[in-house]
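Worksheet: the structure to be examined is printed underneath.
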Amino acid sequence: MSMKEKKSVKFNLQQNDHIPPFQYAKLLDPDASWDKDQLGDVLHWIRQVVALICGLLWGSVPLVGAIWILVFLVLSSGIVYGYYAIVLKLDEDDFGGHGALLQEGLFASITLFLLAWILVYSLAHF
């Protein structure tokens, strides 16, 4: 497929609105409208980034103990809560309440956090 054909396909998809482009400015706009799936995806990926950063940091510093898992959970949940409640100023009841929003991506982020923490700790300190 040539470059011209690729551009034509991309242009046709945008014209027909089959795949609407995502605007990054929407991430910080409190007046933007969100559907439940879009917001869930954003919260999920925020958690994954926090999990990876914390896992790499915890493993490289050599932190050990269950208290650091709790610190990660509080930090991750605080960032997600701050994002949807303070930055976006969303009414959480429209999206299933605090529980549904705070649970979005939680278990996947715990897995990624533990994987990164254990891997970095084991490789750097043994």
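The values are calculated or read from the model by the stated rules, or taken from the named source; none is laboratory data. Treat the numbers as computed from the prediction; the structure is a model and nothing was measured. Don't worry about glycine lacking a Cβ; one is built from the backbone with ideal geometry, like all the others, and counts go over all protein chains shown.
Table: residues versus (1) in a helix (DSSP H, G or I); (2) aromatic (Phe, Trp, Tyr); (3) more than 17 Å from Gly105 (Cα to Cα); (4) at pLDDT below 95.
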| site | (1), (2), (3), (4) |
| --- | --- |
| Lys7 | yes, no, yes, yes |
| Ala25 | yes, no, yes, yes |
| Pro30 | no, no, yes, yes |
| Trp45 | yes, yes, no, no |
| Gly55 | yes, no, no, no |
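Here are some residues: Ile79, Ile67, Ile46. Which one is loosely packed, with under 13 Cβ neighbours inside 10 Å and among the β-branched types (Val, Ile, Thr)?
Ile67
Would it be correct to say that Gly96 is under 21 Å from Asp35 (Cα atoms), under 14 Å from the mean Cα position of the chain (by Cα) and of a type outside the set (A, V, I, L, M, F, W, C)?
It is false that Gly96 is under 21 Å from Asp35 (Cα atoms), under 14 Å from the mean Cα position of the chain (by Cα) and of a type outside the set (A, V, I, L, M, F, W, C).
Does region 102-114 contain any residue that is surrounded by 14 or more Cβ atoms within 10 Å (Cβ to Cβ) and more than 26 Å from Gly40 (Cβ to Cβ)?
No, region 102-114 contains no residue that is surrounded by 14 or more Cβ atoms within 10 Å (Cβ to Cβ) and more than 26 Å from Gly40 (Cβ to Cβ).
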